[in-house]
1. Leaving ligands, DNA and RNA out of it, report the carbon-plus-sulfur percent of the accessible area of the chain at a 1.4 Å probe.
2. So, for the chain, what is the accessible surface per residue at a probe of 1.4 Å, expressed in square angstrom?
3. Sequence gap at least 6, Cα distance under 8 Å: using those rules, report the relative contact order of the chain to the nearest whole percent.
4. Would you work out if region 52-124 is rounded, prolate or oblate? Take a ≥ b ≥ c from the square roots of the eigenvalues of the alpha-carbon gyration tensor; rounded if a/c is under 1.5, else prolate when a/b is larger than b/c, oblate otherwise.
5. Can you tell me the alpha carbon radius of gyration of the chain divided by the globular rule-of-thumb value 2.2 N^0.38 Å?
6. How many lysine pairs are close in the chain, with Cα atoms under 18 Å apart and the two 8 or more places apart or on different chains?
7. Hey, can you list the DSSP H helices of the chain whose Cα span along the axis is 30 Å or longer and whose average Kyte-Doolittle score is at least -1.0?
8. Using just the helices of the chain, give the 222 nm mean residue ellipticity in deg cm²/dmol: DSSP H runs with n ≥ 4 each add -39,500 (n - 2.57), and the total is spread over all residues, rounded to 500.
Amino acid sequence: MDYCAGEDLYHNPDVGPKLLEMLDSSTWAKHLSEDDIKGLCRYFRLEHHPKDSIIFEEGAAEDSMAIILTGAIEITKRDATPDHRPKCLVRIGPGRAFGELALIEGPPRSATARAIEDVSMLVLTRPSFDCLCAKEQPLALKFVLNIARLISFRLRNTSVKLVEYL
């Protein structure tokens, strides 16, 4: 499969306008231009998940990330009890990215993502990401810096929460 030959999602009326709305409000899109978004759209694929479906499971050997266009998801992690009950970490909606750890670090998944509404989202697989990095290095660098900012923001928030338990 040629991961570099994506469909023109930017001109899809359910994708392009929503992405442009996210430029100033989403960490993954900070400092990206309309042309950058057009370029990135060549590497994403559009997916739809019905309410209550599992998008990915904790421990799965997957390496993609996603950006929510419509709907909402819940991210859960199993606790340390003998029956490993899932605990909700966060609920997120349009404009938010998730799964970036698996894209950057590789599998396994660190948590489970479940659709709590019907969801449409853009997915960037590792092979497509590798193609982006090889073919469009300046755009890939902008995108990776934004993902690094996103991960840093989440780590800072986790640290603030963690210190309450120490």
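The values are calculated or read from the model by the stated rules, or taken from the named source; none is laboratory data. Computed from a prediction, not measured in an experiment: that's the story for all the values here. Positions of Cβ are generated from backbone atoms using ideal geometry, with glycine treated the same way; all protein chains shown enter the neighbour counts. The accessibility values were calculated without ligands, DNA or RNA, using every heavy atom of the protein model including side chains. Shrake-Rupley method; radii C 1.70, N 1.55, O 1.52, S 1.80 Å.
1. Here carbon and sulfur together make up 55 percent of the probe-accessible area.
2. 57
3. Answer for the chain is 29 percent.
4. It is oblate, given that a/c is not under 1.5 and a/b is not larger than b/c.
5. Ratio of Rg to 2.2 N^0.38 Å for the chain: 1.04.
6. Close lysine pairs found across the chain: 9.
7. Membrane-span-like by this criterion, though nothing is claimed about a membrane: 137-163.
8. -10500 deg cm²/dmol
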